[in-house]
Amino acid sequence: MARPNSKGEMEEKLAEMGSKIDELKEQASQASEQRKEELDWQINQIQEKKEAMQQRLNELQETTGEAWEEIQSGFQSAWDDLNDAFEKAKDQFK
């Protein structure tokens, strides 16, 4: 997934990630019990990262100028981490 650059794109990407997390949860619910526990742990890690990003986005709503650039950079770095975690979890379903 491409990095979001504007507040609107960030909101859109977080909503999209929420849908993808829901899909992973559905797939995990169909796994064996031991496998489900492993997948649930990974999904929870992704969910926590998404929630942290939502908090950063909320902070962005109140910023402008240089502060916006600093927070945007942090958001993009966090986005990369979230996306990597999602891709690793998704690979577990293959």
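Quick notes on this one:
- Condition check for Glu87: part of a helix (DSSP H, G or I), at pLDDT 90 or above, out of contact with any helix residue (DSSP H, G or I) (no Cβ under 6 Å at 6 or more places or on another chain) and not polar (S, T, N, Q): no
- Test: residue in region 37-48 that is surrounded by 12 or more Cβ atoms within 10 Å (Cβ to Cβ), under 13 Å from Lys7 (Cα atoms) and not aliphatic (A, V, I, L, M): no
- Against the criterion of being among the polar types (S, T, N, Q) and touching a residue at least 40 places away in the same chain (Cβ under 8 Å), Gln92 qualifies.
Yes or no, residue by residue, for (1) over 26 Å from Gly74 (Cβ atoms); (2) free of Cβ contacts under 8 Å to residues at least 60 places away in the same chain; (3) touching a strand residue (DSSP E or B) at 6+ places or on another chain (Cβ under 8 Å); (4) of a type outside the set (A, V, I, L, M):
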site	(1), (2), (3), (4)
Gln27	yes, no, no, yes
Gln30	yes, yes, no, yes
Gln42	no, yes, no, yes
Ile46	no, yes, no, no
Glu51	no, yes, no, yes
Arg56	no, yes, no, yes
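The values are calculated or read from the model by the stated rules, or taken from the named source; none is laboratory data. Keep in mind it's a predicted model, so treat the numbers as computed, not measured. Because the Cβ atoms are built from the backbone with ideal geometry, glycine has one as well, and the counts that use them run over all protein chains shown.
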